[in-house]
Amino acid sequence: MTKSAMRGALIVLEGCDRSGKTTQCAKLVEALNGMKIPAKKISFPDRSTPIGSLINDYLSRKIELPDRSVHLLFSANRWELEPEIRKQIESGVTLIVDRYSYSGVVFTSAKQCVDFKWCCGPENGLPKPDIVMFLKLSTGEMAKRSGFGDERYENIEFQNRVDINYDKFKNDNFIQVDAAQDVSILTDTLLEQVLKTIETVKNQELDDLVL
Ligand code: Z5A
């Protein structure tokens with residue numbers, strides 16, 4: 001790869017409900033753009049697409065769907081953005097992603113009626129994140145933050161199972177950060193990791209995800 005063909009990094013923020021992912025994704029993009037580093041934010045679910053609209057109706061309890069069916073919708077929602085993700089990364093843009101395949105697997109399998117391994121299947125072959133930053137927040141702290149409890153899945157017992165499921169993914173490119181810290185301190189910690197990752201992967205191929 002020549003210098004002009006350097007790629008962007010695929011950075012994912014994961015975590016339980018209200019851990020501050022949306023806040024931090026926005027702050028990271030702002031910080032990177034301020035440093036003249038091209039960066040954009042993507043969120044999953046992307047509720048703006050037809051599939052995302054169905055997901056939104058499911059999460060807000062307007063419709064009911066079988067568990068495997070809704071799992072595949074969440075995955076399809078990622079696959080519909082897959083070409084765009086690859087295009088942006090190849091053109092040198094760093095993507096800061098609010099939830100990804102890991103959310104798909106840990107949430108559906110927390111329902112306890114769908115096998116963890118089955119949940120992983122539809123995610124395989126998507127672009128593999130260069131780093132996953134897991135924002136760790138206790139369920140006590142989570143419940144104190146505004147809006148908790150409005151949507152499906154937003155109860156302490158379910159979120160505890162989600163938290164335990166995330167442990168199954170903690171490996172080399174999965175780092176845990178204390179989400180109870182002050183917003184700006186957290187941004188500084190995450191930004192350091194993001195800048196390191198951008199530098200490390202700029203001349204490497206983007207891998208495919210295998211869960
Ligand atoms: N889901 C799934 O089942 N399968 C999938 O494949 C995917 C998702 C991708 C909706 O996700 C649901 O979909 C989600 C998982 C499931 N269900 N749950 N739970 P979503 O990402 O669209 O929506 P969300 O999960 O409800 O967002 P969030 O996690 O609740 O919020 P957040 O992005 O982590 O936090 P935030 O919006 O940045 O902040 C929340 C509040 O805390 C807000 O008032 C902030 O001002 C405050 N905040 C943020 N940071 C701090 C700090 N550091 N200190 C104090 N207060 C803070």
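Remarks
This table checks each residue for (1) within 15 Å of the ligand (Cβ to nearest atom); (2) modelled with pLDDT of 95 or more; (3) among the aliphatic types (A, V, I, L, M).
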site: 120; (1), (2), (3): yes, yes, no
site: 125; (1), (2), (3): no, yes, no
site: 130; (1), (2), (3): no, yes, no
site: 142; (1), (2), (3): yes, no, yes
site: 160; (1), (2), (3): yes, no, no
site: 178; (1), (2), (3): yes, yes, no
site: 198; (1), (2), (3): no, yes, yes
site: 207; (1), (2), (3): no, yes, no
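- The conditions of being more than 15 Å from the ligand (Cβ to nearest atom) and either in contact with a Gly (Cβ under 7 Å, 6 or more places away or on another chain) or not polar (S, T, N, Q) (or both) are met by residue 37.
Residues are listed down the side, and each one gets a yes or a no for (1) outside any helix (DSSP H, G or I); (2) touching a residue at least 12 places away in the same chain (Cβ under 8 Å); (3) surrounded by 20 or more Cβ atoms within 10 Å (Cβ to Cβ):
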site: 114; (1), (2), (3): yes, yes, no
site: 117; (1), (2), (3): no, no, no
site: 125; (1), (2), (3): yes, yes, no
site: 129; (1), (2), (3): yes, yes, yes
site: 140; (1), (2), (3): no, no, no
site: 143; (1), (2), (3): no, yes, no
site: 147; (1), (2), (3): yes, yes, no
site: 152; (1), (2), (3): yes, yes, no
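- Exactly one residue out of 183, 210, 177 is in contact (Cβ under 8 Å) with a residue 12 or more places away in the chain, buried (at least 16 other Cβ atoms within 10 Å of the Cβ) and among the aliphatic types (A, V, I, L, M), and it is 177.
- Residue check, residue 53 away from the ligand (no atom under 11 Å from the Cβ), over 29 Å from residue 112 (Cβ atoms) and surrounded by fewer than 16 Cβ atoms within 10 Å (Cβ to Cβ): no
- Scanning the range 37-87 for residues that are assigned to a helix (DSSP H, G or I), over 19 Å from residue 121 (Cβ atoms) and among the polar types (S, T, N, Q) returns 53, 56.
- Residue 99 vs. criteria within 11 Å of the ligand (Cβ to nearest atom), on the phi > 0 side of the Ramachandran plot and buried (at least 19 other Cβ atoms within 10 Å of the Cβ): yes
The values are calculated or read from the model by the stated rules, or taken from the named source; none is laboratory data. Computed from a predicted structure; not experimentally measured. Heads up, the Cβs are rebuilt from the backbone with ideal geometry, glycines too, and the neighbour counts pull from every protein chain shown.
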